[in-house]
Structures are given as C-alpha cells and as structure tokens.
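Trainee: Handing you a structure now.
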Amino acid sequence: MRVIPTPRAASTPKDLALSPRNTLLVTSEGDINHNAPPFIGEFDRATGQVLTTFRIPERFLPDAIDSPTRGVRENLSFESLTINAAPGTAGQTEPFRLFTATESALVQDYNEDPTLPLNNRFLHYLLGEDQSTLIAEYAYPLDLEPTGAVSNGLTELLVIDQGGHFLALERTYGLQGFGVKLYQFGHGRRYGYLHHRQSQRRPQRRFPHS
C-alpha cells in the first residue's frame, strides 16, 4: 500500500480499532474551519504513517467553509468506528467489515424542527488486501433531543455478533446536564435501513445519493 500524507489541520481523531492485519483504523472529524475534510484511514502501528485512506462520498464533504450546502457539520462528523472480523483471522488477510456513522445529520439532511428526529448516515465498508470498498450507506434515526439540549449525537458503535447487530451510544448535554442512551439495533440488509430494537420509531430506509 502507498503512503498518503494526512493534512496537519485534520488531526482530530475520534475513534480507532485494531484491524486483523495489525494496523490501526482511525476516524477523524476533520476541521471545517481549516478546510480539512473528515477522513477514515489505516495507519501503520510502528511508524504512525497513513497506509491508506478510504473513499468518502462527496456528499459528506463540505462545499464551503462559510454556509455550506452539503457535507458534515462542524464537530459532528465520524465520531464512531467498529469492525466485524471473523474469529481467528488475526494476522490473516481475509476480508472484514468496517462501520462508521456521523455524529449527527449532514447539512443537507438537517431539520431545525425539534419534534422531528434527525437522520445520521451510517457507512459500511468491506476491507481486504488492497481493498477498501464502500458497499452500503444507511439512515440512522437519532433519538429526539431533550428540552434544553445543546448537543445530541451518536458517539459510539460496537459490533456484538456476526449477524449484523450493534450497540450504539447516544450522548446529550445541555441545561439539564449530561445524558446517555444505549441502543441495540439490527442491520436491515434486505431493505437498507437500521432498526432500533428499543425504540418506538419506525425504521428508516436507505438514503438517496444526495
């Protein structure tokens, strides 16, 4: 794999995972104010060099520093990262899966009505030798923010089995203090949505490519 330099201003890593090939997978929110986009990268553990960066669809990348019309919002990008590798693959090169999601809605998905849930975007990559392919993108329905909340977002993901089930941690803070909610949800492979098992909200379908 070729070494790709990462912008100095983009060094805002948020989550990491040790891959089956003994490398570090890292997400970063980037820095919109310094024109540094978010990224998902794979790093050499010994040298810290970037081995590869994963393709992120253009709709995630802000089109302007001031008043963007698309892309992630400042400090609300790729906060979470988890992988699904089959047992016994340590040191091997069998393909495995990487999942990440935005902390909150993209600019073009954002709705200021507090009575309506925001939809984050959840990305599913397939990783193999010389491969990092984005194979699916889903809507993740964020829980409604409580009254007086300053921030409300998805901050952590964890794969819990080989059947497409996850744990998700949502965090809020504001006038009423801090709060967290833990959800288990399933990967809606057939219909292209994510379903919160503990939520009364209806599943959301796959996003159009916009």
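Trainee: In region 8-196, if every C-alpha pair distance is counted and binned at 5 Å from zero, what percent goes to each bin?
Mentor: 1, 8, 16, 20, 20, 17, 10, 5, 2, 0
Trainee: Ranked highest first by average number of other Cβ atoms within 10 Å, how do 41-48, 21-28 line up?
Mentor: 21-28, 41-48
Trainee: What distance in nm separates the simple spin-label points at PHE178 and SER151, each placed 7 Å from Cα in the Cβ direction?
Mentor: For the pair PHE178/SER151, the computed spacing is 1.0 nm.
Trainee: Once label points are set 7 Å from the Cα along Cα→Cβ at both HIS165 and THR69, what is their separation, rounded to one decimal in nm?
Mentor: Taking the two extended label points, one gets 4.4 nm.
Trainee: Tell me, what is the FRET efficiency for ARG45 and GLU112 to the nearest 0.05, using R0 = 30 angstrom and their Cβ-Cβ distance as r? Spell out each step's value before the answer.
Mentor: On the way: r = 43 Å, r/R0 = 1.44.
Calculated transfer efficiency: 0.10.
Trainee: For THR53 and ASN22, calculate 0.36 nm times their separation in residues minus their Cα-Cα distance, and state this gained length in nm to one decimal. Intermediate values should be presented prior to the final figure.
Mentor: Numbers: separation 31, 0.36 × 31 = 11.16 nm, distance 1.62 nm.
Net length gain for the segment: 9.5 nm.
Trainee: For GLY71, list long-range residues whose amide hydrogen, built 1.01 Å from N in the peptide plane, is under 5 Å from its own amide hydrogen.
Mentor: Under 5 Å from the amide H of GLY71: VAL107, GLN108.
Trainee: To make sure I understand, if each residue's beta carbon is the centre and we count other beta carbons within 10 Å, what order do HIS187, HIS34 fall in, fewest to most?
Mentor: The order, fewest Cβ neighbours first, is HIS34, HIS187.
Trainee: Figure the gain on full extension for LEU61 and GLU129 (residue separation times 0.36 nm, minus the Cα-Cα span) and round it to one decimal in nm.
Mentor: Net length gain for the segment: 21.8 nm.
Trainee: In whole Hz, with x marking every Gly and Pro, tabulate ³J(HN,Hα) for region 119-126 from phi via Karplus 6.51 cos²θ - 1.76 cosθ + 1.60, θ = phi - 60°.
Mentor: 10, 6, 10, 10, 10, 10, 10, 10
Every number here is computed from the coordinates shown, using simple stated rules; none is lab data. Everything numeric here is computed off the predicted structure, so don't read it as measured data. Please note: Cβ atoms are built from the backbone with ideal geometry, for glycine as well, and neighbour counts cover all protein chains shown.
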